[in-house]
Each structure stands twice: as C-alpha cells, then as structure tokens.
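A short write-up of the structure that comes next.
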Amino acid sequence: MIPESSTTEQSETDTQSQISEEPSSESRTGPGKRKTRRFYSRPRLLFPLGIILGIVLGVIFIEPSNLADIPGLFAVFLEEYDISLSLPQIDLSRVQAEWRKLISTIPEPWKLNTDGREFQIGDAIKARGLEANHPVILIPGVISTSLESWSTSPEYRAFFRQKVWGGFPMLSQVTFNREKWMSMLLLDPVTGLDPDGVKVRASGGFDAASSFIQGYWIWSKVIENLAVVNYDTNNLVLAPYDWRLSMYNLEERDGYFSRLKTAIEGFRMRQRKKCVIAAHSMGSTVLLLSFPRARILVPCHSLKWVESPAHGKGGPNWVESHIQAIVSIAGTHLGVTKAMAALLSGEMKDTVDLNPAGAYVLERFFSKKERQSLFRSWAGGASMWIKGGNAVWGDATFAPDDEEGGNHTHGELVSFRQTIDLDDMDVETPPVMQGPTQTAAAQGQNKMPSVMKNMTSDEAGTWILGHTPLTFRVNPPSLSFHLDTDTLQRMIATNYSYGIERDEEALKRNDLDHTKWTNPLEIRLPNAPSLRLYCVYGHGKETERSYWYTTEPYEDEDKAVELGVCTKDNICPGWDRHSLHDMTFSRSWIDRDLTNEGSIPKVRNGVKLGEGDGTVSLLSLGAMCVEGWKRKRWNPAGIKIITVELPHQPQTTLPRGGANTSDHVDILGSNALNEIILKVATGAGDEIHDNYVSRIRQYAKRIRWEG
C-alpha cells in the first residue's frame, strides 16, 4: 500500500509536470531554489540587444528628412499623455547632414528599399519603342494589403486612420497595445464581419500594397517599371482588398467585385482598350472569383451573371470584350498546405524553423493560441485550403509529386510519429480506426483509439475542422474521428468548396453557385477565346508540403463545452467522461523535434519539404496551367495558357535575393517577372512562351483528372 503522503507528493509532481515552463522568480523545483532561466530570456541580454536592434533599424529605415520632425513628434507624444515638460530647442540640421553622409556610404544593393535595379526593366522596354498600351490593374496577395482603422468607438479613437496591418504604426500597436490590436483584427466568428464597435478597412491607393513597411517593397518595383513606359494613375490601378473576409463578405460589405468591374468598364470606355490584370498569390483566387463565366456578385445579395440584363448588364461576352490578358503571379490555384496548418495549430514552416531564442520570443510575445484565434476568424484564408482532395494531393500510398525512392509519401498530409525511429524513416506509423485493434474497453463506449491515424488531404480537412469551435461549425449531431459533412465550419461551408467536378453539366450549374467560385476544379474559365492567361511562378525553393504532427493526450475539458458536446453545467449527453478524453480533444502541433535531412522527402522541424517557391507547392502553382486548363471541361473556350517557370537563383549577398530570385514574394522584384508584365501591358505579350525548369508536366499527368 502506498502511504498517503507519497500519493499526495506524486499527484503534486504530476500536476507540476503538466505546467509549461515559464521564467519566474518563484521556485518550481523545490523550496528555497530559484529556477534557472535560459540565457536568451535574461534582461541583461535582451535590453542591450533591443538597443542595438533599434539603432540598426533606424539606420535602415529612417530617412534624413524625418529627423527634423522628431522634436515635434515628441512634443505631441508628451501632450497626448498630459506630460508637462519644457523641451530645449535643438537644431537637427547638422545631424541631418551627417545622417545623409552615413546613408550615402551604404552600397545600394544592401539597402532594403533600393537595390540599384530601380527602373532598369522599364528603361530597356522603353528603349525598344514600347509604351503603355493596355490599362493595368494590380491585385495584391494575402496579407500584403494594408488595413487601417476607421473605428470611432471611444476605446479605438486613438487609432483612427492608423494602419493596423502594415507600416510602422502596426509595429507600435503590436508592441504597446497588443490586446486592442488583436481585437481590431479579429472578425466576428458567426458573421465573418467586424465585431461591434470595430471598423477596419483596406487602405486605398498604391500605398496600400507598394511596401509592407518602409524598406520592405512588395509592388513598388513593378509600379516603378510601369511608370517608365508612361503608366500613371490614369491607366494603372492597384485594387487592394480586406483579405481577412470571405469572398462573399468582400462583396457584401465592401462591394469589391462590383467596384473592380466598374473600374474595368471605365477603362474600356475611356481608352478603348482592354485591360491587363496582374494578380499575385491569393489575388489570383480573388480574380478567379471575379470573372469565371463572366459572373460577379451584385449588391442585391443574389448570384447573377455580369451579363444579366437585370444586374451586371455586361452581355454574354463581357470578359472577351474587356480583358486582354491575365498574369497570375505565384497563384495559389489549388491552395496551400500552410493555410490548413495555420488554422489547426497556429503554425507553419516559418514559425517552427525559428531557433530556440526566436521561438521563445514568438511564443511569449504572440502565442500559438493567439495566432489560432486570428487565423480562425479570418475566413478569407480558407479560400486557400488545398483543393481536389486525394485525386490531386495523393492518398496513403502515393502522391503525384513524390520523389522516387521516398521513405514516406506526401499523400499523407498529416502524419503522427508513434514508435518511428528518426534514422529509419521507412517504418510506417501504425494506423488506427481498424476495429480489431481497439481494446474491448474502447469498443461499445464510443471511445477513440489511443493512436492517431495518418491522414490524407480528405481526412485531414475534416479532422482539422473538428478542432474548431462550435460557432464555426454547422450543427454537429455527434463527434467522431471521421466527422461528417454537418460538422464543416459554418463559414467555410457557406463560402467554399474543395472538391473536383468532372461532370460538364454540373460545371455549368456551378456558374450560379458562389461557393464553387474559388475552386478552379469546380468551375469553367470564362467564355473568352482571345484572352491570354500567363502563369508565372518560381521554382527551386524548399516548400512545406505535408507535416508530422504530435498531440497531447488531453485538452482542458472546457474544450468540450466550446465544441458543444457539454453544457456549462458539465452535462454531456451521450458521452461519459472517459470518452471525452480522446484524441478529438487533444492539442495538436507540428512535431518540431523531428528532423531528418537525409530522408525522402526531407523533414525539417516536423515539416515535410517539397518543391515550390518557398510558400506555395509546385502542384498548386502549375498543375492547372499545364494540364487542368488544357482540358475542355474546365476551359471550354480554349483560352491559351502560357506557363513560365522562373528558377530561384538568388544572390546570397543581397537581402532580398536580387534580380533572379523567384521566392513567393520577392519574385515581384525579379527582372524576369517585371519584363513579362511590361511586355504584356505594352502589347508585346506574343513574345512570351512556355518555359519549364521543374517536373510539373510529369507530376500533373499523375493527377486523377478523370477519376
């Protein structure tokens, strides 16, 4: 028999072992002892490191002209906090002059906002005698559009017209007003719109997406080169949007697609020219929603075609008569796996690749739970979930983009390590959900097996949604590992679809179903035979393709209340307490302890790496371009598709990779892409031809297009 005191001590020890480590002056290891703090969390290191970082950022980002404003800005700061302090009059003109000298000594290629290549492509195109021909509309990607506060509620008035996403004001708010910043960016989980008292809108004009913050360009190099060949505000438009919103709400709240249609019609009327549209990343999905079969959402809440006499009034050939060409830049045509990982655990390759010090700072400053809350409220991100299911992304034995001699398949999108040896990656993870493997106790009790099953894309999508709050889901009658369609997230179920449609009659009917419009496998391209679609993307950078996950046995039982299984009075109809402690309620996160650089595919920090541009998988970037849209059922008008793959060849001495980078974002500054955009815009698009540097044609043929 165990003495009572020993039992108590053991219970306390078990309780303490479940508490995550946090730096604290209070002992957790025993009376009179202080917990040893990690070296990178000590104030004696962080304080001087912060000073050094501030000086470096100042040198990089502060312009000499800003120095003269510092005394005035400081005075405004003191007045805002009712601090009475007499400031001496300081002449900063000498400091400004010296600062200019310091900045001038930094080589151009090392500056983040300029690298010596400004206007070069525009000059070369202009030297050929080419000038602005077609009006150009630029559509940015996810998170690259700045958002600003228009809230007039008393608690948010201090942020009025300030950027809450993008720019240095965002950094200030994240640092000093993080809770309010999060409350402004979070969307209502039921409506998908602004919560009460909050109003955040996309910034307007070119500044909305030219740079994310000063010195970190996005579209600015494209705009600079277009300006050289005589583009300006009269024939060039950047169409920013609130990327947090679902596509339906983007029209319902902001009238985005209606305004985009009006802008294109205005160009056609004034300049007698069709438009060229260049869309990046998620912008390609937004564009796809705008014009398939020439339809668009209209303000009267109905789903109508743009040519409908009662609504869009564009006629049956609207796209054919208004759009010259579309340049899809690093388009997320078939989705990105990181969008699913972000919703499940608030993680992605970018977060798990951080070194221990960086991971510690990120978790303390912006935890996984907080990231989950943001990602789960942004229904716009769900438009980038992977599409086509197992037919495109593979099954438990095979994926189209698997390498030969592989130890594991990308077809298992989410895998769980059980007894697997890091040096023996060919050992299969034991499967579950096979009746005979369950214990007798588990059978008949509605209890889950204790081992997680590796999941394909079809299974993983349903499983991930099973971990979302009930407010996101549609009336779940029960909970099980294979959740049925009623458990789909409400916002997702009413806005998106991720399947593949092969029946041509069904594809015609989908012209009127807005939930299909972000999925190129469930809709047809427009009836525009003269339209040219250019797929331009990078290749040669390791890209997250699938994951190894790990779980904790139990999660807080409040999760059962959150999911609607139990009431707040702890009443759980049809469930016993043991059955609630199953894997459905487990915490899950990427298994960052698992790394094997020698395996196929390579595994780093729990992420299985594949081919792509560093963000989007090669299958998503190119499969529709080289195979899917070459088939009549999805491209009945026979629109010509030109695919241009750009090899990722960065110059390692430059911060953003230089002229030959093809990273997902930095490609916007590459010489090759800028040349393509300018050729299409100036009427020389016929000079652009297919160019392949990957095995995308081989991979695309392995996809089950025909079932």
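The values are calculated or read from the model by the stated rules, or taken from the named source; none is laboratory data. Being a predicted model, the structure only gives us computed values, none of them experimental. For neighbour counting, all protein chains shown are included, and Cβ atoms are generated from backbone atoms with ideal geometry for every residue, glycine included. Only protein heavy atoms, including side chains, enter the accessible area calculation; ligands, DNA and RNA are left aside. Shrake-Rupley method; radii C 1.70, N 1.55, O 1.52, S 1.80 Å.
Observations on the structure shown:
- Helices (runs of 4 or more DSSP H) enclosed by the range 217-272 - at least 2 residues per element that are of a type in the set (Ser, Thr, Tyr): 256-271
- Of all residues in the range 671-694 being under 16 Å from GLN649 (Cβ atoms) and in a helix (DSSP H, G or I), the one that is most open to solvent (accessible area, probe 1.4 Å): GLU675
- For LYS608, the stated conditions hold: it is open to solvent by less than 10 Å² (accessible area, probe 1.4 Å) and either of a type outside the set (Gly, Ala, Ser) or modelled with pLDDT of 95 or more (or both).
- Every condition in (1) of a type outside the set (A, V, I, L, M, F, W, C); (2) in contact with a strand residue (DSSP E or B) (Cβ under 9 Å, 6 or more places away or on another chain); (3) within 30 Å of SER172 (Cα to Cα) holds for ARG268 except the one numbered (3).
- Within the range 680-707, residues that are charged (D, E, K, R) reach partners that are open to solvent by 20 Å² or more (accessible area, probe 1.4 Å) with beta carbons closer than 6 Å, at six or more positions or on different chains, in the pairs GLU687/LYS679.
- ARG633 being assigned to a loop (DSSP other than H, G, I, E, B) and basic (Lys, Arg): yes
- Tally of residues being within 30 Å of LYS508 (Cβ to Cβ) and free of Cβ contacts under 8 Å to residues at least 60 places away in the same chain across the range 633-676: 0
- Any hit, the range 547-555, residues being of a type outside the set (A, V, I, L, M) and at pLDDT below 50: yes
- Comparison of SER246, SER220 shows that the only residue that is surrounded by fewer than 22 Cβ atoms within 10 Å (Cβ to Cβ) and on the phi < 0 side of the Ramachandran plot is SER220.
- Looking across the range 148-193 at every residue that is touching a Lys or Arg at 6+ places or on another chain (Cβ under 8 Å) and either open to solvent by 40 Å² or more (accessible area, probe 1.4 Å) or of a type in the set (Asp, Glu) (or both), the one that is farthest from LEU374 (Cα to Cα) is identified as THR152.
- Extreme residue, farthest from THR494 (Cα to Cα), among residues of the range 194-216 that are hydroxyl-bearing (Ser, Thr, Tyr) and not in a loop (DSSP other than H, G, I, E, B): TYR216
- Scanning the range 614-628 turns up no residue that is in contact with a helix residue (DSSP H, G or I) (Cβ under 9 Å, 6 or more places away or on another chain), open to solvent by 40 Å² or more (accessible area, probe 1.4 Å) and of a type outside the set (Phe, Trp, Tyr).
- Condition met for SER203 (within 21 Å of the chain's Cα centre (by Cα), among the polar types (S, T, N, Q) and within 17 Å of VAL665 (Cβ to Cβ)): no
- SER183, sole failed condition from (1) of a type in the set (S, T, N, Q); (2) assigned to a loop (DSSP other than H, G, I, E, B); (3) under 26 Å from ARG490 (Cβ atoms): (2)
- Of the residues in the range 209-217, none is open to solvent by 30 Å² or more (accessible area, probe 1.4 Å), in contact (Cβ under 8 Å) with a residue 60 or more places away in the chain and more than 22 Å from GLN162 (Cα to Cα).
- In the range 497-510, the residues that are outside any loop (DSSP other than H, G, I, E, B) and surrounded by fewer than 17 Cβ atoms within 10 Å (Cβ to Cβ): GLU504, GLU505, ALA506, LYS508, ARG509
- Extreme residue, farthest from the chain's Cα centre (by Cα), among residues of the range 130-147 that are polar (S, T, N, Q) and open to solvent by 10 Å² or more (accessible area, probe 1.4 Å): ASN133
- Taken over the range 640-661, the criterion of being in contact with a Phe, Trp or Tyr (Cβ under 8 Å, 6 or more places away or on another chain) and modelled with pLDDT of 95 or more is satisfied by ILE641, ILE642, THR643, VAL644, GLU645, LEU646.
- Residue tally, condition surrounded by 21 or more Cβ atoms within 10 Å (Cβ to Cβ) and farther than 30 Å from TYR692 by Cβ, over the range 515-549: 2
- Residue within the range 644-653 that is touching a helix residue (DSSP H, G or I) at 6+ places or on another chain (Cβ under 7 Å), surrounded by 22 or more Cβ atoms within 10 Å (Cβ to Cβ), part of a helix (DSSP H, G or I) and on the phi < 0 side of the Ramachandran plot present: no
- When each of LEU621, LEU668 is tested for being farther than 26 Å from PHE398 by Cα and assigned to a helix (DSSP H, G or I), the lone residue that passes is LEU668.
- When the range 215-237 is filtered for residues that are aromatic (Phe, Trp, Tyr) and out of contact with any Leu (no Cβ under 8 Å at 6 or more places or on another chain), only TYR231 remains.
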